Amino acid sequence: MSGRRPQLEVVADAATAAARAAELIAARVVAGRARVLGLATGGTMVPLYAHLVAAVRAGRLSLSAVTSFNLDEYVGVAPQMPASFHAYMRLHLLDEADLDPARAHVPDGMAPDLTAEASRYEMAITRAGGIDLQVLGIGANGHIGFNEPGSDFGSRTRVLELSEATRRANAADFPDGAVPERALTMGIATILEAREIVLLAIGAKKAAAIAAAIEGPLSPNCPASALRLHAQVRIICDKAAASQLDGPQADIRRQA
Ligand code: PGA
């Protein structure tokens, strides 16, 4: 079984890709179709948030009625620490736009009982009515959220061990060398329950993961391949991230 082919949009460069993803998110929020957003972190998302902040400042967008749930957080990294995803969200979005911090949820990686925190997070998503639009990046190893290769497609929010590849990729955020070994992440099944998903991938280092996600086996070896089980997925890439795709490209809207 190979699943569906996600809608794929390949644009000329990184800046255009971030702008397109931000435009899609803003359009859904303005139309009242994204009251609950699933949000991601990472370098890829920085320009996307800058576009959303600019749209709020220009009066084209308001996030004041939005509730958000971030995908993941490191275990043992306090929200005040700059490398935490809590701090990332304050820096790139919450301190700059009109999203109510009380409605911006990030898993608590400092919770004394991480299993209870994972269940609480799932329940909070359910109580909010589920995620309307989930924003995703992709790891060079094909992870979505921190669902590393080997993650079950039925997985829910849980603690897991970060792969060596992910710890190396994120090492620059931990100048003391103390890259966390574990994280709390929404599971793949949690992500697939979102009504709509948009994945943003930038740069040649994501090309193998994008090719595996779209054209490789539907397999936990590439967690992002699970997105082919969902009917409403759009993948927005720059040309470099799309460079290892070789299947039928008829559905690509080339804007280059
Ligand atoms: P990046 O991370 O945007 O920093 O490359 C993406 C991810 O690991 O999901």
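The values are calculated or read from the model by the stated rules, or taken from the named source; none is laboratory data. From a predicted model like this one, the values you see are computed outputs, not experimental measurements. Virtual Cβ from ideal backbone geometry, glycine too; neighbours counted across all protein chains shown. The area values use the complete protein model at the heavy-atom level, side chains included, leaving out ligands, DNA and RNA. Shrake-Rupley method; radii C 1.70, N 1.55, O 1.52, S 1.80 Å.
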Probe 1.4 Å, all protein chains present, accessible-area order of 245, 218, largest first: 218, 245
Relative contact order (%) - region 157-237, alpha-carbon pairs under 8 angstrom, separation at least six: 29 percent
Quarter of Cα convex hull surface for region 78-127, i.e. mean projection, nm²: 3.8 nm²
Selection from 221, 231, 204 lying farthest towards where the dipole of the chain points positive, charges on Cβ: 231
Rounded to the nearest 20 debye, dipole of the chain from Cβ charges on Lys, Arg, Asp, Glu: 780 debye
Length-normalised contact order of the chain in % [C-alpha pairs under 8 Å, at least 6 apart]: 28 percent
At 1.567 mPa s and 4 °C, Stokes diffusion of region 1-140 via Kirkwood alpha-carbon radius, µm² per second: 81 µm²/s
Inverse mean reciprocal Cα-Cα distance (Kirkwood Rh) of region 1-80, Å: 14.5 Å
Accessible area expressed per residue, the chain, with surrounding protein chains retained (probe 1.4 Å, Å²): 43 Å²
Per residue Cα convex hull volume in Å³ - calculated over the chain: 117 Å³
Debye log10 I(q)/I(0) at q = 0.26 Å⁻¹ for region 102-187, Cα point scatterers: -1.42
Added length on full extension, which subtracts the Cα-Cα distance from 0.36 nm per residue, residue 181 to residue 232: 15.1 nm
Helix-only [θ]222 nm of the chain, DSSP H runs n ≥ 4, -39500 (n - 2.57) each, per residue, nearest 500: -8000 deg cm²/dmol
Axial C-alpha extent at least 20 Å, average Kyte-Doolittle at least -0.5 - helices from the chain (DSSP): 14-30
Virtual spin-label span in nm between residue 50 and residue 31, 7 Å along Cα→Cβ: 2.7 nm
Length gained when the stretch residue 219-residue 5 is fully extended (0.36 nm per residue, less Cα-Cα span): 75.6 nm
Spacing of the two label points (7 Å from each Cα toward its C-beta) at residue 161 and residue 23, in nm: 4.4 nm
Mean shadow area of region 128-244 over all directions, Cα convex hull, nm²: 7.4 nm²
Dipole of the chain [Lys/Arg +1, Asp/Glu -1 at C-beta], most positive-end residue of 162, 45, 65: 65
